[in-house]
1. Tell me which of these Leu181 doesn't satisfy, since it passes every other one: (1) hydrophobic (A, V, I, L, M, F, W, C); (2) within 23 Å of the chain's Cα centre (by Cα); (3) surrounded by 18 or more Cβ atoms within 10 Å (Cβ to Cβ).
2. If we scan region 213-221, do we find a residue that is at pLDDT 95 or above, under 28 Å from Ala133 (Cα atoms), among the charged types (D, E, K, R) and over 11 Å from the mean Cα position of the chain (by Cα)?
3. List every residue pair whose Cβ atoms sit under 9 Å apart, with the two residues 6 or more apart in sequence or on different chains, where the first one lies in region 179-201 and is in contact (Cβ under 8 Å) with a residue 40 or more places away in the chain and of a type in the set (D, E, K, R) and the second, anywhere, is surrounded by fewer than 13 Cβ atoms within 10 Å (Cβ to Cβ) and not in a loop (DSSP other than H, G, I, E, B).
4. For region 29-60, enumerate the residues that are within 20 Å of Ala210 (Cα to Cα) and either without any contact (Cβ under 8 Å) to a residue 24 or more places away in the chain or of a type in the set (Lys, Arg) (or both).
5. Would you pick out the residues in region 134-183 that are touching a Leu at 6+ places or on another chain (Cβ under 8 Å), within 30 Å of Lys116 (Cβ to Cβ) and among the aliphatic types (A, V, I, L, M)?
6. For region 109-157, which positions are surrounded by 16 or more Cβ atoms within 10 Å (Cβ to Cβ) and not in a helix (DSSP H, G or I)?
Amino acid sequence: MTHILDLFRKSPFDPLYKHSVHVRICTDLVRPLFVAIFEGDLAEQQRISQQISEAEKQADLLKVEIRRIIPRGIFLPVNREDLLRYLKIQDDLADTVEDIAIMTSVKQLSTPEDLKNAILAYVDTVLNVCRLADEATNHLKPLVEAGFKGENVAIVLDLADQAEHAEHDADSAGLKVAKKLFAHEDDMKATDVMLWFKILDLVGNLADHAEKTSEWLHHMLEK
């Protein structure tokens, strides 16, 4: 039988919020990373990649802490498995940003000017989904304090709906930039075309993960 004192351990919501801060550091560095790549600033690209790696490492440490402090039997205002699933999806964002940083460092990529603009526009569309998901996460603390009731619930549910629509916009933008990429296949190296395709796919995954964090928060609030 679980000892009664074990049911009142440290709340997982503070470290969960701190985890989201490090995830946000990662996503905020995505656009500067691409700008550095397009400007051919290798030193800046490496500096940003290092910042991403450090933020992802800190997110991983917090993920381990959160899993440690919510063993079975602890009292939570939401389902334990739902919370762990939410943490996993949120952590996928940081992992994906690190994957993008690694993939873009494989080789110096040649990129036509019109494609650069299209990629940055796509990145901005994807980061809008990340922004909406992060806004929803920012309401976790007041939600917990209010016992998952009150006006913050409506705000989070609305942000989740906005993130879903924004993710559809990101999908459409991703298709457009992919078409533009392959329109350049005759004047770009085949290796560059395929590497860009993989990088853009990872960027699209960011929108998917961000939308899923909002969707899962929506799911937890409606239970």
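The values are calculated or read from the model by the stated rules, or taken from the named source; none is laboratory data. Keep in mind that this is a model prediction, so the values were computed, not measured. Note that each Cβ is placed from the backbone with ideal geometry, even for glycine, and that neighbours are counted across all protein chains shown.
1. (2)
2. Narrowing region 213-221 to residues at pLDDT 95 or above: none.
Within region 213-221, none of the residues are at pLDDT 95 or above, under 28 Å from Ala133 (Cα atoms), among the charged types (D, E, K, R) and over 11 Å from the mean Cα position of the chain (by Cα).
3. Lys180/Asp114
4. Quick first cut of region 29-60, residues within 20 Å of Ala210 (Cα to Cα) only: 29-34, 52-53, 55-60.
Answer for region 29-60, where residues must be within 20 Å of Ala210 (Cα to Cα) and either without any contact (Cβ under 8 Å) to a residue 24 or more places away in the chain or of a type in the set (Lys, Arg) (or both): Arg31, Pro32, Lys57.
5. Correct list: Ala163, Ala166, Val177, Ala178, Leu181.
6. Of everything in region 109-157, those that are surrounded by 16 or more Cβ atoms within 10 Å (Cβ to Cβ) and not in a helix (DSSP H, G or I) turn out to be Leu109, Thr111, His139, Phe148.
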